[in-house]
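I have placed the structure first, in the form of structure tokens, so that the comments after it can refer back to it.
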Amino acid sequence: MTVLTHFRTPLLQTPFHARTSAANVLNRWGPWGGYMTALCFGDADMEYTAIRNAASVYDLCPMVKYRITGKDAVGYLNRLTLRDAGKLPVGAVHYTGWTDDAGKLLDDGTLFRHGPEEYLICCQERHLPWFLASAEGFDVSVAEVTEDIAALSLQGPCSATVLAAAGFDVSTLKPFRMATFPFGKGQITISRTGFTGDLGYELWMTPGQALPLWDHLMQAGAPWGIRPIGTDALNLARIEAGFIITNMDFVPAHQAVREDRPRSPLELGLGWMIDWDKGHFTGRRALLAERERGPEWQMVGLDVPGNVSAEGSILYHNKRQEAGFVTAAAWSPALKASVAIAQVQSKYLKANDLWVEIYALRELQYAKLMLPVRVVERPFFNPARKRAMPPERT
Amino acid sequence: MPTPSSEVLVIGGGVNGLACAARLAAKGRKVTLLEASEVVGGGAGEREFAPGYHAPALAHLTQGLDTRVVEAMALDRHGLAFHPALATTVLSGEAESLTVRGGKTSGVDAAAWEALHRKLSAFARVLAPLRQMRPVRLAGENRLFGLARQGLGIRALGKDDFRELLRMVLINVHDVAEDELSDDRLKGLLAFDATLGAWLGPRSPNSLILYLDRLARGADPLLPKGGMGALAVAMGKAAAAAGVEVRTGSAVEKIVVEGDRAVGVRLEGGEVVRVGLVVSAMNPRTTLHQLVGAAALDAGFFKATGHVRMRGAAAKLHLALRGTPDFRGADLKSRIVIAPSSEAVERAFNPVKYGEVPELPVMEVILPSAHDPGLAPAGHHVLTAIVQYAPHAPKAGLEAARAEMLENTLNVLEQHSPGLRSLVVQAELLMPQDIEARFGMVGGNWHHGELAVEQMLFNRPTFAAAQYSTPLPGLWLAGAGSHPGGGINGAAGWNAAGAILEAKA
């Protein structure tokens, strides 16, 4: 008889767990995609500072990954996703999304083209049933490879320097491009991508390479103050960068219980992704009709007065009429400003009379604030070094 | 320059395709109808299956050919006439046979049958208008007027009858037979007629609604004078008279999609016909999966159309007989039903769930040559029967299952008509798989998608294509796979033409 014990450890450990658990002096863990993930290793402010001023590593293994291969890979991805996968060169990456028939977003993610007929999709949620259903009628195979690939994000202004010190010359690697580098007896892939809105890279390897690479990187990066970061610090950085997260800033259509929760790419500020001319894709007809009548919601960046985070707050038009809600907010250390990402009903956006009602917790007592907010462009924080070629060396 | 939408192509020359094409042509559209075989009619045609013996191609009766089709196409002027409505003779192994005409019968249950027939017919009358409507949507573009009218019709039943309708509408037919009847012959008939052409047994949930639908189509089984082929001929003539250009021997290979619109078809052989609108009276899955293809359709819709259940469980028997069979004195011009009890029907259904052949199949037997002697050599007869249930996925393989099904069917016939086997000159049994191959009915299901409550109305064939239009602009559906289903009826095709005209598509 097989003894079942899986329920005793409901969260999986990533290939980096031996190192992340040793570094996690607070023992602060949270679940992400079925894995244990560090929320904070010891000091969230220092971790954030590493992202913006030095070099940081973040364990990306729980990111859900699918490999798409086959003769019809381009046709399949063009029907599945919003952008033209055929225009993506081999060795390049783009940020894309996919919708259901009604044009409502199921998830967003990054698409890596490893070969003429080989792609990798990285995303937040699991989509195998949808990806397989979408494969009917196409000569492709779709495989979930989350457990086969270990990934580590190296972000910060010193990241290129740290990589150079580690023996990986990424000076010619442009943003949204990837390349392979020898490591030990094998090789790893490094892409110039990330979720911090800063100079940064993501390193892709086999699970067996995970610990040697971690050690190698931490040793090489020590002079630049490299440190592991948790989700709390990363979340602050991504808010500054204006990035959205599935199930935090929008509810994927397949998971939404309430009829009015799903949102289209047009409603989430992702309309720029849609390639209307590439041919048919799932949701195209619904999105065309929506473009015609105008989206009901808009995703916007907000500049909030004061220094209290507007997280979870409701937005009002003219202080009275509910107009939307904040999905993510923070006091930004880099900008010295309180910023927020919010969903606002389009009809209230034009009137330009938006207010946020913040419940500020001050020593066990809430103080209610009603503050005027200003719609501003995202990203809130957008340093030139993010795109600079060659990458900044420090 | 795009082809004007006044030019319409209808794919499939069955009853629905002909009805749709004729209605559109009568309204001034320039209609071309493409039929893959050499004659129109589809399941309503006729075939010489043995030298001198003519059997219906598939359907051997019509039960409620849509009156709008009959009248507007003036089918009588094109040669369609019917024999007097057929009575039903229920054969039973032990008891006397029983004759049923609508609500009239004899025996211990005569009064109970009449009362049940009256009640169910009243329910059917309430539901009948739905058959002639484009299915309503519960949200969005509601057709409130039609709904209100429908609501009024239902309210006219009165509170008690309305409550009774709600109690019964989703019930199984076996329970109804048990509640209302005591005569096994009538229980067997009710159970058989409810499940005829369905992949359901009498005890399956929602089986009664199929009986209500049958009553809503029309109470009387009818046989065209000259055989079922006469119906196909009359409809073909009427369509041509309405201005439809009929092209037989034209199998469609692909629907051509350009600029997110169906703009024509490519025929086998390569010819491309460009039109303004493409209307498919073929099977919806064949249309969308094979003729259109995944790339032009949303993934959810494509998957949903692939999941429409299309299992056929009816086999079709054709016998050439050298002589006149005797079903213990039954009127040979009647519709002979061999279904000794509701349990017998259920027992015939059970094996198909496991891919097996029932030992004692139940069946509906017609002798077309008793009505039209010309269909067989003098003194000879043609016997046709719908035999249930045939396995849609035979475990033993098609050939073995067909042979076993034929043997078991002939045994049952021999039991009720001793000596019949010795009269057989030639026998042909079409299994669901044969029906699929010959008529393009996926799974051999003669409704092009099982007629079951969850695949009716706004879910037929799927929610997004339930109103005859499809998500692909320029492509419409008009076959039995759409509301209200098949059965040599024409309503789906007629409704589809109405929807096209109404949409000014």
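The values are calculated or read from the model by the stated rules, or taken from the named source; none is laboratory data. The model shown is predicted, which means the values in this text are computed figures rather than measured ones. FYI the Cβ positions are ideal-geometry reconstructions off the backbone, even for glycines, and counts take in every protein chain you see. The area values use the complete protein model at the heavy-atom level, side chains included, leaving out ligands, DNA and RNA. Shrake-Rupley method; radii C 1.70, N 1.55, O 1.52, S 1.80 Å.
Take A:VAL57 and decide whether it is buried (at least 18 other Cβ atoms within 10 Å of the Cβ) and under 17 Å from the mean Cα position of the chain (by Cα). Yes; evaluated as a whole, the condition is true for this residue. Which one is nearest to the other protein chains (Cβ to nearest Cβ), of the residues in region B:290-320 that are within 24 Å of the chain's Cα centre (by Cα) and part of a loop (DSSP other than H, G, I, E, B)? Residue satisfying both the conditions and the ranking: B:HIS307. If the condition is being crowded, with 18+ Cβ neighbours inside 10 Å, more than 19 Å from the chain's Cα centre (by Cα) and not in a loop (DSSP other than H, G, I, E, B), then region B:383-398 contributes only B:LEU383.
Answer with yes or no whether A:GLU296 is away from chain B (no Cβ under 14 Å) and not polar (S, T, N, Q). So A:GLU296 fits the description; yes.
Can you find a residue that is out of contact with any helix residue (DSSP H, G or I) (no Cβ under 8 Å at 6 or more places or on another chain) and within 14 Å of chain B (Cβ to nearest Cβ) anywhere in region A:43-59? Taking every residue of region A:43-59 in turn, none turns out to be out of contact with any helix residue (DSSP H, G or I) (no Cβ under 8 Å at 6 or more places or on another chain) and within 14 Å of chain B (Cβ to nearest Cβ). Selection of region B:399-425 for residues being assigned to a strand (DSSP E or B) and either open to solvent by 60 Å² or more (accessible area, probe 1.4 Å) or within 27 Å of B:ALA194 (Cβ to Cβ) (or both) yields only B:VAL425. Scanning region B:144-175 for residues that are surrounded by 15 or more Cβ atoms within 10 Å (Cβ to Cβ), of a type outside the set (A, V, I, L, M, F, W, C) and modelled with pLDDT of 70 or more yields B:GLY153, B:ASP161, B:GLU164, B:ASN172, B:HIS174, B:ASP175.
Restricting attention to region B:332-382, the residues that are in a helix (DSSP H, G or I) and of a type in the set (S, T, N, Q) total 3.
The residue pairs whose first member lies in region A:228-250 and is over 12 Å from A:GLY197 (Cβ atoms), whose second member is at pLDDT 95 or above and among the aromatic types (Phe, Trp, Tyr), and whose beta carbons are closer than 6 Å, counting only pairs six or more residues apart or on different chains, are A:PRO228/A:PHE41; A:ILE229/A:TYR58; A:GLY230/A:PHE41; A:ALA233/A:TYR48.
Taking into account only those residues within region A:71-96 that are within 14 Å of chain B (Cβ to nearest Cβ) and open to solvent by less than 20 Å² (accessible area, probe 1.4 Å), which is farthest from A:GLY283 (Cα to Cα)? Only one residue fits best here, namely A:ALA73.
For region B:459-484: of the residues being within 19 Å of the chain's Cα centre (by Cα) and not in a loop (DSSP other than H, G, I, E, B), which is modelled with the highest pLDDT?
The first filter runs over region B:459-484 and keeps only residues within 19 Å of the chain's Cα centre (by Cα), leaving B:459-462, B:466, B:468, B:477-484.
After this cut, where a residue has to be not in a loop (DSSP other than H, G, I, E, B) as well, the list is B:459, B:477.
On the way: B:ASN459: 94, B:LEU477: 98.
So, considering only residues that are within 19 Å of the chain's Cα centre (by Cα) and not in a loop (DSSP other than H, G, I, E, B), the one modelled with the highest pLDDT is B:LEU477.
Residue by residue, here is whether (1) open to solvent by 40 Å² or more (accessible area, probe 1.4 Å); (2) among the small types (Gly, Ala, Ser) holds:
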{"residue": "A:GLY197", "(1), (2)": "no, yes"}
{"residue": "A:TRP204", "(1), (2)": "no, no"}
{"residue": "A:GLN209", "(1), (2)": "no, no"}
{"residue": "A:MET218", "(1), (2)": "yes, no"}
{"residue": "A:ILE226", "(1), (2)": "no, no"}
{"residue": "A:ALA237", "(1), (2)": "no, yes"}
{"residue": "A:ASP249", "(1), (2)": "no, no"}
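Checking the structure you have, find out if any residue of region A:169-185 is open to solvent by less than 10 Å² (accessible area, probe 1.4 Å), more than 14 Å from chain B (Cβ to nearest Cβ) and either in contact with a Cys (Cβ under 8 Å, 6 or more places away or on another chain) or assigned to a loop (DSSP other than H, G, I, E, B) (or both). So far as region A:169-185 goes, yes, one or more of its residues are open to solvent by less than 10 Å² (accessible area, probe 1.4 Å), more than 14 Å from chain B (Cβ to nearest Cβ) and either in contact with a Cys (Cβ under 8 Å, 6 or more places away or on another chain) or assigned to a loop (DSSP other than H, G, I, E, B) (or both).
Checking A:ALA323, A:ALA351 one by one, the residue that is hydrophobic (A, V, I, L, M, F, W, C) and at pLDDT below 95 is A:ALA351 and no other. Annotation note: of B:VAL39, B:VAL10, the sole residue that is over 22 Å from B:HIS318 (Cα atoms) and among the hydrophobic types (A, V, I, L, M, F, W, C) is B:VAL10. Of everything in region A:102-140, what is open to solvent by 40 Å² or more (accessible area, probe 1.4 Å) and away from chain B (no Cβ under 14 Å)? Give them in sequence order. Listed by number, the residues that qualify are A:HIS114, A:PRO116, A:GLU117, A:GLU118, A:GLN124, A:ARG126.
To keep it simple, each residue is scored yes or no on (1) in contact with a strand residue (DSSP E or B) (Cβ under 9 Å, 6 or more places away or on another chain); (2) part of a helix (DSSP H, G or I); (3) touching a residue at least 40 places away in the same chain (Cβ under 8 Å).
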residue	(1), (2), (3)
B:ARG167	no, yes, no
B:ILE171	no, no, no
B:HIS174	no, yes, yes
B:ALA177	no, yes, yes
B:LEU186	yes, yes, yes
B:ASP193	yes, yes, yes
B:GLY197	yes, no, yes
B:GLY201	no, no, yes
B:LEU212	no, yes, yes
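Among the residues of region A:273-295, are any among the aliphatic types (A, V, I, L, M) and loosely packed, with under 14 Cβ neighbours inside 10 Å?
Going through region A:273-295, the residues among the aliphatic types (A, V, I, L, M) turn out to be A:273-274, A:286-289.
Remaining after also requiring loosely packed, with under 14 Cβ neighbours inside 10 Å: A:288-289.
The answer is yes; a qualifying residue exists.
Checked against the criterion of being open to solvent by less than 30 Å² (accessible area, probe 1.4 Å), within 16 Å of A:ILE244 (Cα to Cα) and in a strand (DSSP E or B), the candidates A:ALA367, A:ALA323, A:ALA360, A:ALA340 yield just one match: A:ALA340. Here region A:32-52 is the region considered, the condition is being assigned to a strand (DSSP E or B) and not aromatic (Phe, Trp, Tyr), and the residue that is surrounded by the most Cβ atoms within 10 Å (Cβ to Cβ) is A:ALA38. Does any residue of region B:426-435 turn out to be modelled with pLDDT of 95 or more and open to solvent by 60 Å² or more (accessible area, probe 1.4 Å)? Checked region B:426-435: at least one residue is modelled with pLDDT of 95 or more and open to solvent by 60 Å² or more (accessible area, probe 1.4 Å). Residues that are within 14 Å of another protein chain (Cβ to nearest Cβ) and of a type in the set (Lys, Arg) number at least 1 in the following strands (runs of 3 or more DSSP E) confined to region B:236-284: B:252-257.
Which residues, counting only those in region B:216-243, are open to solvent by 30 Å² or more (accessible area, probe 1.4 Å) and within 29 Å of B:ALA452 (Cβ to Cβ)? Break it down into steps so the answer makes sense when it comes.
Keep residues of region B:216-243 that are open to solvent by 30 Å² or more (accessible area, probe 1.4 Å), which gives B:217, B:219-220, B:222, B:225-226, B:233, B:237, B:240-243.
Residues satisfying the conditions are B:ARG217, B:ALA219, B:ASP220, B:LEU222.
Residues are listed down the side, and each one gets a yes or a no for (1) farther than 24 Å from B:HIS447 by Cβ; (2) free of Cβ contacts under 8 Å to residues at least 24 places away in the same chain; (3) hydrophobic (A, V, I, L, M, F, W, C):
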residue	(1), (2), (3)
B:GLU271	yes, yes, no
B:HIS289	no, yes, no
B:VAL292	no, no, yes
B:ALA296	yes, no, yes
B:ALA299	yes, yes, yes
B:ARG311	no, no, no
B:ALA315	no, no, yes
B:HIS318	no, no, no
B:PRO373	yes, yes, no
